[in-house]
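**Student:** Submitted below is the structure of interest, expressed as C-alpha cells.
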Amino acid sequence: MNMVLPQKTPDARVGQIIKLAVMAVGGQGGGVLTSWIESMARAQGYVCQATSVAGVAQRTGATIYYVEMTPKSELEPVFALAPAGGDVDILIASEMMEVGRAVMRGFVTPDRTVLIGSTHRSLAVSEKMAPGDGIADADEVRAAAEIAAQQLILADMDKLAVEQGSVISSSLFGALAGADALPFPREAFEDAIKASGKGVEASLRAFAAGYDAARHGVAAPEQEAVKPAPALQGPAKEMRKWEGLVARAQAMPAPVQEMALHGLMKVVDFQNCAYGTVYLDRLDGVVAQDDSAHDFLLSATAAKYIATAMAYDDIIRVADLKTRQPRMERIWNEMGAKSANLVELTEFFHPRAEEVASLMPAKMGAAWESNPKRMALLNRLFNKGRRLRTHTLRSFLMLHFLGGLKGYRLQTRRHQVEVAHLEAWLRDSLSVLKDDYTLAVELLKNRRLVKGYSDTHARGLTKFGTVMGAAALLKGRTDAADWMNRLREAALQDPDGKTLEGAIQTVRSFV
Amino acid sequence: MAERSFKAEVEHLRMGNGEVFTGEGILAITKALLENGVGYVGGYQGAPISHLMDVLADAQGLLGELGVRFEANASEAAAAAMLAASVHYPIRGAVTFKGPVGVNVASDALANLCSSGVNGGALIIVGEDYGEGSSIMQERSHGFAMKSQFWLLDPRPNLPCITKAVKDGFELSEASNTPVMLMVRIRSCHVTGSFVTKDNVPPPLTVKEAIANPQSDFNRVVLPPMSYLHEQDKVKNRWPAAEKYIVENKLNEVFGPEKSKIGIVTQGGMYNSVIRGLQRLGLADVFGQTEVPIYCLNVTYPLIRDEFDAFCEGKEHVLVVEEGQPEHIEQHLGSFLYKSGRKLKLYGKDVLPMAGEYTGQVMLDGMTAFLKAAAPDMLPGKVRAPNMEEPQIPDLSKTVPIRPPGFCTGCPERPIFAGMKLVEMELGKSQITADIGCHLFGSLPPFEMGGATMGYGLGPAANAAFDGGGERRAISILGDGGFWHNGLTSSIGNMVFNKSDNVAIIVDNYYSAATGGQDVLSSRAQNDTKATQNPISAALKGVGVEWVRQIDHTYDVAKVRDTLKEALTTDFKGPKVIVASSECMLNKQRREKPIRNTAIKEGRRVDVPRFGVDSDVCTGDHACIRLSGCPSLSLKRLDDPLRDDPIAHIDQTCVGCGNCGEVADAAVLCPSFYRADVVHNPGKFETWRAGWRNRIINHLQKRRDAKRLRLKGVVT
C-alpha cells in the first residue's frame, strides 16, 4: 500500500533525514557495512543512528540493518528504529533474492529509492532441495527492481569482492559511494574503512571495484567470448573418423543438427566413434518418422535424451573422469592452490553389490543379480565406504585401470540393462507418435527423471516408470501432452514422489 | 569466550564526567549501571541482551576494580534469585535476560522477590524479543509486572533516555521497596547513539562488606502469615510510594500543545514510531515537536490515574499506542475513564491491529485512521486517490523464497540430523521433540526433525507422554546450553525417575551457541573466571543414566546413524542418551583461522581441506542437499544443452568440515564429491614424492589420451 497522504506542514528537515536499509543474509558482514556507514556519517558532521536485529536471525537467515542520519544541529532529531514501506532513500541488498524481498516489502519506491543490489545468488534451502530445478527466477526480480527503484545499481558485488580477496560488504560500500546517494566524498568512505583497521588493503580494492561498478557498470563479461566451444581432441586417425560422424550429423535437418552434435560429442567421449555411429543410427530412426511441419522437435528432443541415456553413469565413466588430466588443473584453480602448494585428493566411493554385479559380463551379472545369496556375498565383500586418495599411486592406478575398461564396457551387465531400458523408452515414446506428436515429445523428455546413483537412481527409475505408464491413461485426450508435462514436473518436486502421486490421482479422477 | 569480543568497547566504560559516549544501547546500559553504584550484576544470555552479558563478561577487570560482583547465572531463575541480595542489604543489583521466555523461567524467583520486597534497588533488564527478528513465541512480559506487582519501565528508545531509566529504575525501586523491570525492545538494545557520561560510582556497600554483617528478618520470608502482610504491603504502601515517586520525578512525559481535542498515549518504547508517523503526516518536526499532544509512558506499570486524568482534560479523542497483545494498558485506561465518567472516545486496538509488530506502515495507517475519525481537519485536504498513477510493481511473493535461519557452513549439528534422517529412512518416522538452540533448525527443511519445542531444556520432558511403550521409541533433542539450564533435572532426571525407555540426543557444541557462543559448564575452553570442562556424560551417569554413548566427532555420520539405531532397537530398558560432541564451527573458525593464516605466513606446514563436486559426475538429483542444507553446498547451472537440472556445487566458503563426504558415503549417494587438501609449505620429502607421483600419473594419462578421443579443455 503506497497511499499518498497530503502533507500538512511538511518540515523540510524531515525530508533531510537520509534513511538507509541494508538487507542481508546472516553471515555476510552486514554489520560491518553498517558500522562503516555510521562512523563515516558521524565523521562528516551528521547525527546518525543505526539499528539491527541480532540473534538467531543472523544464522544464515534474512536479516536487516537500518540507518538514519541528518546534519547535526542544536537539538537531537527523532529517528525511527525500523524502515517503513515507501520511506527508504537507499536500499542495499546483498543478494538477488534479498533485492526481491526489499521490493516485495515496499522498501523500494520509484519516487525516492536508490537500490544497490548484488546479483549473485545464495540459494535458499527450498530452492536447492527440489530434485529438479527449483531455483527462483532472478529475471523476475530484476524486472521488478527496474520498475520499483528510482536509481538501480545491480552487479555481482560478491564476485567483485572475492576477486579482490575481500568480502561483499566492501564492494557494496564502494557501490554506495559510486552511486552518489550520500552527500559524502569518496575519501570519507575510504577513511571509514581505514579507521576500522582490519584487512584494510583488500577492503579498499573491493571498495574501488564496487565504486567503479556503480559508476560505469560492469564490463560485459568477457569470459563468454573467450570460452571455447566444446570440442573433441585425440589422435589423427580417430579424428578422421570423428569428422565423418560430424558430417553425418550436419546432414541432418537443421533444427536437429546442434543437439545432435552435442549428443555425438558426449557419446564419443563416453565410448568411441563406433558408439557414435550407433547413436546416429538411433537418431536417424527417429528423424525418419519426423517432419518439418513440427520443426523436427521430436528429433531434437531425441538427440538430447538418447545421448544422455547412452552416456550412462557407470563405474568406468566415473573412474575415467576422475583420472583425466584436466581435472587436476580444474581443482587447482578452484581451490586457489599456488605452485608452491601440494594438493591431495580424497574421493568418496561406496560400491554396493549392485555396482559390482553390473560390471560383470552380461549373462553372469544377470545370474548373480537374481541370486540373493550371491548378492549378499558381494555386499559382504565390497559394500563399504572407500576413500581413495587419488594423489597416491595406488588409488590412482586402481581408478585408472577401471577407467580404461571401455573396451569391455559394451559386454557388461550394466550396458545390457541400459540398452534394454533405452530401447523400451524409445519404443514406448514413439508408439504414440501417429496419434499425438506432442505427447511423443513429452514422453521422450521423461528421460530427465532418470538420474542419480543407488537409491536416488532407483527412485528416479520408479518415477520414470509411473510417469511413462500414465501415457496409457492420457492417450487420446487433446491435452495429453500438457498433462504429461505436468506429471514430469510434479515428479521433480520432491524426492519421494508425493506430488507425483497427487498428480496421478488427479489424472485418474478425470479419465 | 563469546563469539563477539567487547574488549575494545569495554574501555568506553571507564569514561568520566562530561565525556560523550557513542555506541550501542546495550553498552550504554552497562555504563549506566556502573554510574549508579551497582553492587552486583548477573543474568542469562539470549537475544537481544546476549551482548549485555558478553560486555559484562569482558568487563570483569573493571568490575573487579569497582568492587562489583559479576555472575554468569545458570538460568534466568538463578539470575532473578540472585536479587535476593537486595532484600535485606542496601545494595543495588541488576540482572538481565530475554523476555518473555526468560521472564517465564525467572517468574518463580521474581514472584518471591516481589513478595519479600527489596531494600536495595533491584533492576531486571529485559530484552523484549518481539516483532521482526524475534526467535520466540510472540507474547509480552507486561503481564508479569501486573501479577507480581513490580514496576515496568519502557523508556523512549534513545541512549540518554535508556541510561536515565537505569538511574530512575534503581531510585524507584528503593523508594517503593519493589523490584523494577527495565524493558528494552530488540532494536533499542542494538540502537546506536550518544550520551554524556558521568564518573563510575563504586557501590557504597559492596557484597564483600555486606557479608561481614549477615542479616535476616523472618518478616521478609514468604511464609504465612507474613505473605498475607506482603500482599497488603504491596498495595497499601509500595504502590502508592511508587506512584508518588513517578509523579514527583516526572518519569512519564507529556509533549506537544496543552490545548487540543485529541491526544496520543504511547508506551515510551513506541515513542519514536509515533513521532515518525506524525512526521510523515506533517504533524511533527524533525526534533519531535508535535501538534498532537503525547502522553509518553516511560513507566507502563503502574499507570498513574491522576496523570492520565490531567492529560485527558479537554480532550475528546485519545489514541493508545500499545504494541502486542492483550491490550493491558488500553483496558486499564478504559477503566479509569469509565470510573471517572468521562465522555471521551478511546482508540487503540481498533484503528491499530491487535497483534503483531507496529512497523512504520502499520503506525502510519493506524494514525491516519485515528485522525480521520478524530480530527479530519488536521489532515489538510482529504486523503485522496493519488493524482499520479503509481507504477505497478510486479508481485514477487511467489518468486522470492523464504529464508529462515539455519545451520552455518560446517556446523557440527548438521551431520547429527543427517544421521537421524538416514535412520528415519531405514526404520520409519519417529516421534521427535526438539529443544531451544541452534539444533532447533533441524526441524526445518531439509531435515524436518522434530515437531514441537516446549522450552529451554525441556526436549526430553516434552516426550514424557510417549513413554508408555509402543512400536517405536520416541526421540528428543537437547542442547548443551539447555542441558545445563535445566535439562539435567527437568528432562534427564525426569527420564531416569520415571524409568523412561526413550532416546535423548544431547547436542554438545562446546558453547551456548545460539545465544552467541558463551561458555557453559561443559565447554572445552580454558576460562579464567569460570569452571569449564565438566563433561555432560559424567553428569548423566551422576543422575543415574546407565545407557550413555559419547560421540566425539559428530561428522562421522555413519557412527551417528548406527548409534541412534542401536538406541532405538536395543533391548536395554531405561533412558538411552547419546551425547554428540563437536565444536561450534562459527566459534572454531573464529579462533583457528587467524592462527592458521599466521602459520602459513610463518612458513609452517598447514593443510587446508575443502570439498568439491565433479560437475561431470554429478547428475543433479540434489540428494546430497536434502541431507545437508549447508550454505556452501549450493547449485549451479551448467552451460551444457544436454543437461536440464542444475548440479551441486561447493563454493569457496566451504570449511572442509567433512559432512559432504561422510553423507555421500553413509547414504550411498554418488561419487562426485572429493576433498582437496591444499598443503601450504610442504616438506621437502613430500614435495619430492609428489613430483614423482605426478610424473607417473602424467605419463599414464598421456599414454591413454594418445589412443582415444576426449573432450577438450577443462570441464567446469
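**Student:** Please give the length that would be gained between residue B:60 and residue B:338 if that part of the chain were fully extended, namely 0.36 nm times their separation in residues minus their C-alpha to C-alpha distance (nm, one decimal).
**Tutor:** Values: separation 278, 0.36 × 278 = 100.08 nm, distance 5.23 nm.
Full-extension gain reported as 94.9 nm.
**Student:** Output wanted: per-residue J couplings in Hz (rounded whole) for the stretch B:190-203, from phi through Karplus 6.51 cos²θ - 1.76 cosθ + 1.60, θ = phi - 60°, x for Gly and Pro.
**Tutor:** Taking θ as phi minus 60°, the curve returns 9, 5, 9, x, 9, 8, 8, 8, 10, 4, 5, 10, x, x Hz for the stretch B:190-203.
**Student:** Place a label point 7 angstrom from the Cα of residue B:237 along the Cα-to-Cβ direction, then list the residues of the stretch B:147-181 whose backbone nitrogen is under 15 Å away.
**Tutor:** Those under the cut-off are B:174-179.
**Student:** Something else now. Name the shape class, rounded, prolate or oblate, that the alpha-carbon gyration tensor gives for the stretch A:100-188, where a ≥ b ≥ c are the square roots of its eigenvalues, rounded holds for a/c under 1.5, and otherwise prolate holds if a/b is larger than b/c and oblate otherwise. Present the calculation step by step, with values, prior to reporting the outcome.
**Tutor:** Details: a/c = 3.03, a/b = 1.34, b/c = 2.26.
Oblate, since a/c reaches 1.5 and b/c is not below a/b.
**Student:** Restricting to chain A, what percent of DSSP beta bridges are antiparallel, rounded to 5?
**Tutor:** 60
**Student:** With the contact rule set at Cα under 8 Å and sequence spacing of 6 or more, what percent relative contact order holds for the stretch A:79-151? Could you put the intermediate results ahead of the total?
**Tutor:** On the way: 107 pairs, mean separation 26.1, N = 73.
Relative contact order, the stretch A:79-151: 36 percent.
**Student:** Counting other beta carbons within 10 Å of each Cβ, put A:448, B:626 in order, fewest first.
**Tutor:** By the 10 Å Cβ count, ascending, the order reads A:448, B:626.
**Student:** Further question: In nm, give the distance between the simple-model label positions of residue A:250 and residue A:112, each being 7 Å from the Cα along the Cα-to-Cβ direction.
**Tutor:** Taking the two extended label points, one gets 6.3 nm.
**Student:** Same structure, new question: Sorting B:540, B:123 on the 10 Å Cβ count, fewest up front, what's the list?
**Tutor:** Least crowded to most crowded, the residues run B:540, B:123.
**Student:** With θ taken as phi - 60° and the coefficients 6.51, -1.76 and 1.60, list the Karplus ³J(HN,Hα) couplings across the stretch A:309-322 in order, rounded to whole Hz; mark glycine and proline as x.
**Tutor:** 5, 6, 9, 5, 8, 9, 4, 4, 5, 4, 5, 4, 4, 6
**Student:** Can you pick out the pairs among A:363/A:445; A:241/A:451; A:198/B:198; A:198/B:7 whose Cα atoms lie more than 27 Å from each other?
**Tutor:** A:363/A:445; A:241/A:451; A:198/B:198
**Student:** Also: Determine the alpha carbon to alpha carbon distance for each of B:593/B:712; A:237/A:406; B:234/B:259; B:98/B:398; B:601/B:636 and list only those over 26 Å.
**Tutor:** Listed pairs above 26 Å: B:593/B:712; B:234/B:259; B:98/B:398; B:601/B:636.
**Student:** Gap in Å between the Cα centre of the stretch A:136-201 and the Cα centre of the stretch A:225-284?
**Tutor:** Using only Cα atoms to place each centre, the spacing works out to 45 Å.
**Student:** With point charges of +1 on the Cβ of Lys and Arg and -1 on the Cβ of Asp and Glu, referenced to the Cα centre of chain A, which listed residue (A:239, A:401, A:438) lies farthest in the positive direction of the dipole?
**Tutor:** A:401
**Student:** Can you compute the modelled spin-label distance between residue B:547 and residue A:477, with each label point 7 Å from Cα toward Cβ, in nm?
**Tutor:** 5.1
**Student:** Now for a separate question. Provide the per-residue ³J(HN,Hα) series for the stretch A:414-423, in order, calculated from phi with Karplus coefficients 6.51, -1.76, 1.60 and θ = phi - 60°, each as a whole number of Hz, with x at glycine and proline positions.
**Tutor:** For the stretch A:414-423, the Karplus-derived couplings read 4, 4, 4, 5, 5, 5, 4, 5, 4, 5 Hz, x marking Gly and Pro.
**Student:** Related question: If you keep only loop residues by DSSP, which trypsin sites (Lys or Arg not before Pro) in the stretch A:329-365 have at most 12 other Cβ atoms within 10 Å of their Cβ?
**Tutor:** For trypsin sites (Lys or Arg not before Pro) across the stretch A:329-365 that sit outside H, G, I, E and B with at most 12 neighbouring Cβ atoms in 10 Å, the list reads A:338.
**Student:** Same structure again: Residue A:350's amide H: which non-local residues (gap 5+, or another chain) put their own amide H closer than 5 Å, with H modeled 1.01 Å from N in plane and none for Pro or chain starts?
**Tutor:** Amide H neighbours of residue A:350: A:386.
**Student:** Still on this structure: How big is the antiparallel share of DSSP beta bridges in the stretch B:177-324, given as a percent to the nearest 5?
**Tutor:** Just about 30 percent of them are antiparallel.
**Student:** State the Cα centre-to-centre distance between the stretch A:472-510 and the stretch B:4-25 in whole Å.
**Tutor:** Taking the Cα centre of each part, the stretch A:472-510 and the stretch B:4-25 sit 64 Å apart.
**Student:** About its Cα centre, what dipole magnitude does the stretch A:396-511 give when the only charges are +1 on Lys and Arg Cβ and -1 on Asp and Glu Cβ, stated in debye to the nearest 20?
**Tutor:** It works out to roughly 360 debye.
**Student:** Taking the Cβ-Cβ separation of residue B:703 and residue A:366 as r and a Förster radius of 51 Å, what is the calculated FRET efficiency to the nearest 0.05?
**Tutor:** After rounding, the FRET efficiency stands at 0.90.
**Student:** Considering only DSSP beta bridges whose two residues both sit in chain B, what percent are antiparallel, to the nearest 5?
**Tutor:** Working: 24 of 80 bridges.
Percent antiparallel among DSSP bridges in chain B is about 30.
**Student:** Relative contact order for chain A: what is it in percent, counting Cα pairs under 8 Å that are at least 6 residues apart?
**Tutor:** Here the relative contact order equals 9 percent.
**Student:** Rounded, prolate or oblate: which fits the stretch A:202-348, taking a ≥ b ≥ c as square roots of the Cα gyration tensor eigenvalues, rounded meaning a/c under 1.5, else prolate when a/b beats b/c?
**Tutor:** Details: a/c = 2.73, a/b = 1.55, b/c = 1.76.
Judged from the Cα gyration tensor, the stretch A:202-348 comes out oblate (a/c at least 1.5, b/c at or above a/b).
**Student:** Can I ask one more? Helix B:101-116 against the longest principal axis of chain B: what's the angle in degrees, Cα atoms only, rounded to the nearest 10?
**Tutor:** With rounding to tens, the tilt is 40 degrees.
**Student:** Relative contact order (percent) for chain B, with alpha-carbon contacts under 8 angstrom and 6 or more residues of separation?
**Tutor:** With pairs under 8 Å counted, the relative contact order is 10 percent.
**Student:** Based on the alpha-carbon gyration tensor of the stretch B:541-587 and its eigenvalue square roots a ≥ b ≥ c, which shape applies: rounded if a/c is under 1.5, prolate if not and a/b is larger than b/c, or oblate?
**Tutor:** In terms of gyration-tensor shape, oblate.
**Student:** Between residue A:13 and residue A:421, how high is the FRET efficiency from 1/(1 + (r/R0)^6) when r is the Cβ-Cβ distance and R₀ = 51 Å? Nearest 0.05.
**Tutor:** E between residue A:13 and residue A:421, to the nearest 0.05, is 0.10.
**Student:** Dipole of chain A, Cα-centred, from +1 at each Lys and Arg C-beta and -1 at each Asp and Glu C-beta, to the nearest 20 debye? Intermediate results must be reported in sequence, preceding the final value.
**Tutor:** Details: 60 positive and 59 negative charges, 499 e Å.
Dipole about the Cα centre, nearest 20: 2400 debye.
**Student:** Only four residue types carry charge here, +1 at the Cβ of Lys and Arg and -1 at the Cβ of Asp and Glu. Report the dipole size of chain B about the Cα centre in Debye, rounded to the nearest 20.
**Tutor:** Magnitude of the dipole: close to 2100 debye.
**Student:** Now for a separate question. Compute the distance from the alpha-carbon center of the stretch B:413-478 to that of the stretch A:339-355, in whole Å.
**Tutor:** 33
**Student:** Give, in nm to one decimal, the length gained when the segment between residue A:194 and residue A:343 is fully stretched (0.36 nm per residue of separation minus the Cα-Cα distance).
**Tutor:** Roughly 50.1 nm would be gained on extension.
**Student:** Same structure, new question: Would you calculate a helix-derived [θ] at 222 nm for chain B, using -39,500 (n - 2.57) for each DSSP H run of n ≥ 4 and dividing by the full residue count, to the nearest 500?
**Tutor:** -10000 deg cm²/dmol
**Student:** Between residue B:476 and residues 5 or more places away or on another chain, which pairs have amide H atoms under 5 Å apart, with H built 1.01 Å from N, and which residues are they?
**Tutor:** B:433, B:503, B:504, B:505
**Student:** Treat the count of other C-beta atoms within 10 Å as a stand-in for reagent exposure and order B:96, A:506 from fewest to most.
**Tutor:** Lowest to highest Cβ neighbour count: A:506, B:96.
**Student:** Continuing with this model, one more query. Amide H of residue B:92 versus every other amide H placed in the peptide plane: which residues, excluding those fewer than 5 positions away on the same chain, fall under 5 Å?
**Tutor:** Placed amide hydrogens put B:39, B:121 under 5 Å from residue B:92.
**Student:** To continue, here is another question. As an exercise, use a Förster radius of 60 Å and the Cβ-Cβ distance of residue B:652 and residue A:292 to find the FRET efficiency, rounded to the nearest 0.05.
**Tutor:** With R0 = 60 Å, the Cβ-Cβ based efficiency is 0.80.
The numbers here are math on the coordinates, done by the rules we state, and not lab data. Remember, predicted model here, so these are calculated numbers, not experimental data. Don't worry about glycine lacking a Cβ; one is built from the backbone with ideal geometry, like all the others, and counts go over all protein chains shown.
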